[in-house]
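Worksheet: the structure to be examined is printed underneath.
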Amino acid sequence: MRHTPHYLLTDPAEVKRLIRRNPWMTYVSPASTGLVSSHYATLLEETDDDSIVLVSHFGRPDEVAHELGQHEVLVVVQGPHGYISPNWYAEGDFVPTWNHVTAHLYGVPEILSDDENFRILGDLVDHFEKRMPTPISLDIDEEKARRIARGTVGLRIRVTRFDARAKLSQNKTPEVRESIIAALDGDGPYSDAALAAEMRRLE
C-alpha cells in the first residue's frame, strides 16, 4: 500500500477487529506460473496474545495453483470504504478522496489434516449460522459433509507481518469530519453507515 504514516494502523487488536468483521478475504500468491488470486471466507483463530492467526479452506485444485505451503502469501482484508465528496468539506476545498480501512497480512500457509480441516469447516458454518433463527450445522449429516469436505484443503496462516491503514479523514478539521460522518449516515448517494461508524471510533 501507499506509504502514508499518519494513516498507519499498528495495533494488532484493531487488525483482529477488522478481520472478525470482514471475513471475506483475498488471497494472492506469487506462484511459479505468475500471480494467482482467490477469495475465501476466513476466520480469526482467537489467541490470548497479539499474534494473528487465520484459518480457512481452499476448494481443490486452487491449492495447487497457489502452491500453498511453498511460499509466503498476501491476504487482503477490506473493511468499510467509500467515496468522500468535497460537498461535505469547507468551502474552497474541492479535492475528493476515498476513505477506507484495509489490512495486508503476510504468512506461509500450513496445510491442515483432513480432520482439522473438517473441524474448521464446521466452525466456519457455525460462525455464520449462529445469527439464523434455526442454525444449521454440518452435524446434521456428518457423513455427507465429510464427503463434500474432501473437495477442500484447510489452511492456517500465522501472520508474520502486516501493513494496515485506517484512512478516515484524519487530515480534516473536527467540524469537517462531523460533516462527513453526517453525510455518510444520511440517505445520499454515497451514504455508508459502516464507514461513518469507523470514523466515529477515532473521535
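The values are calculated or read from the model by the stated rules, or taken from the named source; none is laboratory data. Since the structure is predicted, the reported quantities are computational estimates derived from the model, not experimental observations. Reconstructed Cβ throughout: ideal geometry from the backbone, glycine too, with neighbour counts over all protein chains shown. Heavy atoms of the whole protein, side chains included, go into the accessibility calculation; ligands, DNA and RNA do not. Shrake-Rupley method; radii C 1.70, N 1.55, O 1.52, S 1.80 Å.
Could you count how many residues in segment 10-21 are open to solvent by 30 Å² or more (accessible area, probe 1.4 Å) and touching a residue at least 24 places away in the same chain (Cβ under 8 Å)?
Within segment 10-21, residues that are open to solvent by 30 Å² or more (accessible area, probe 1.4 Å) and touching a residue at least 24 places away in the same chain (Cβ under 8 Å) number 5.
On the basis of being free of Cβ contacts under 8 Å to residues at least 40 places away in the same chain and under 30 Å from residue 90 (Cβ atoms), does residue 181 make the cut?
yes
Within segment 99-122, is even one residue free of Cβ contacts under 8 Å to residues at least 40 places away in the same chain, under 21 Å from residue 173 (Cβ atoms) and open to solvent by 60 Å² or more (accessible area, probe 1.4 Å)?
For segment 99-122, residues free of Cβ contacts under 8 Å to residues at least 40 places away in the same chain, under 21 Å from residue 173 (Cβ atoms) and open to solvent by 60 Å² or more (accessible area, probe 1.4 Å): absent.
Find the helices (runs of 4 or more DSSP H) located wholly in segment 93-191 whose residues include 2 or more that are farther than 29 Å from residue 75 by Cα and within 25 Å of the chain's Cα centre (by Cα), and list them.
Those helices (runs of 4 or more DSSP H) span 174-185.
Hey, does segment 159-167 have a residue that's open to solvent by less than 100 Å² (accessible area, probe 1.4 Å) and free of Cβ contacts under 8 Å to residues at least 60 places away in the same chain?
So far as segment 159-167 goes, no, none of its residues is open to solvent by less than 100 Å² (accessible area, probe 1.4 Å) and free of Cβ contacts under 8 Å to residues at least 60 places away in the same chain.
Going through segment 81-97 one residue at a time, which ones are touching a residue at least 60 places away in the same chain (Cβ under 8 Å), of a type in the set (A, V, I, L, M, F, W, C) and either closer than 30 Å to residue 61 by Cα or loosely packed, with under 13 Cβ neighbours inside 10 Å (or both)?
Across segment 81-97, the qualifying residue is only 90.
May I ask you to list pairs of residues, at least six apart or on different chains, whose Cβ atoms are under 7 Å apart, with the first in segment 32-45 being at negative phi and the second being open to solvent by 20 Å² or more (accessible area, probe 1.4 Å) and among the hydroxyl-bearing types (Ser, Thr, Tyr)?
37/26; 39/26
Could you check, for segment 126-137, whether at least one of its residues is open to solvent by less than 70 Å² (accessible area, probe 1.4 Å), farther than 22 Å from residue 55 by Cβ, out of contact with any His (no Cβ under 8 Å at 6 or more places or on another chain) and polar (S, T, N, Q)?
No: segment 126-137 contains no residue that is open to solvent by less than 70 Å² (accessible area, probe 1.4 Å), farther than 22 Å from residue 55 by Cβ, out of contact with any His (no Cβ under 8 Å at 6 or more places or on another chain) and polar (S, T, N, Q).
Could we say that residue 32 is in contact with a helix residue (DSSP H, G or I) (Cβ under 7 Å, 6 or more places away or on another chain) and over 21 Å from residue 119 (Cα atoms) here?
For residue 32, the condition - in contact with a helix residue (DSSP H, G or I) (Cβ under 7 Å, 6 or more places away or on another chain) and over 21 Å from residue 119 (Cα atoms) - is not met.
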